[in-house]
1. Considering only protein heavy atoms and a 1.4 Å probe, what is the carbon-and-sulfur percentage of the accessible area of the range 38-142?
2. Suppose every K and R has +1 on its Cβ and every D and E has -1 on its Cβ; what is the size of the dipole of the range 3-142 about the Cα centre, in Debye to the nearest 20?
3. Compute the Kirkwood hydrodynamic radius of the chain, taking the inverse of the mean of 1/r over all pairs of distinct Cα atoms, and give it in Å to one decimal.
4. Going Cα to Cα from Lys31, which lysines come in below 28 Å? Please leave out same-chain ones fewer than 8 positions away.
5. May I ask for the angle, rounded to the nearest 10°, between helix 64-77 and the longest principal axis of the chain, with both axes built from Cα atoms and the value confined to 0 to 90°?
6. Straight-line reach from Lys91: which aspartates and glutamates have Cα under 12 Å away, leaving out those fewer than 8 places along the same chain?
7. Rounded to the nearest whole Å², what accessible area per residue is found for the chain with the 1.4 Å probe?
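The values are calculated or read from the model by the stated rules, or taken from the named source; none is laboratory data. Every value quoted in this text rests on a predicted model; they were computed, and no experiment measured them. Neighbour counts are summed over all protein chains in view; Cβ atoms, including those assigned to glycine, are modelled from backbone coordinates with ideal geometry. Accessible surface is based on the protein model in full, side chains and every heavy atom, while ligands, DNA and RNA are left aside. Shrake-Rupley method; radii C 1.70, N 1.55, O 1.52, S 1.80 Å.
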Amino acid sequence: MIFIHTSVRLFHQLITLYRPFERQLNIQLNKHHLHRAQWTILYHLYNFGPATNGEISYYQGVEKPTITRTLASLEKLGYVVQTVGKDRREKRMQITKLGQDIYEHVRVSVDELEKEILTGISEEEQLEIIRIMEIMRNNIRK
């Protein structure tokens, strides 16, 4: 029998979890004519308020041009709008009332999916997973 180091198993589980989750999430989001990248931006703006493209790209861990394209699609849909930041050079994106309504409507479907996925996992266990994942993400960003 081959011994597989715990960290190897952990990262393998992350990889094998991510794609099926993203696929299921996109099935739910497609019902509302959205995809995961748009959803993540709406989530960020809804929960944390206006942000620059740079802040959003850092949050998502993707390049600014990718965020710029996704924000442009959300802007065309009327879900976000560009506002002036602290000084006139800083452009911040803000979720609109329509974007908030869409987020809240879609959130119901996503909540159902997430609840199903988390069946059998206590809130305490979920909080521990969140804590550990935050440490891992911070370690990646060092």
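1. 55 percent
2. That gives the range 3-142 a dipole magnitude of about 760 debye.
3. Kirkwood hydrodynamic radius for the chain: 17.1 Å.
4. Here the lysines satisfying the reach criterion relative to Lys31 are Lys64, Lys76, Lys97, Lys115.
5. Rounded to the nearest ten degrees, it is 60.
6. Glu55
7. Per-residue value: 73 Å².
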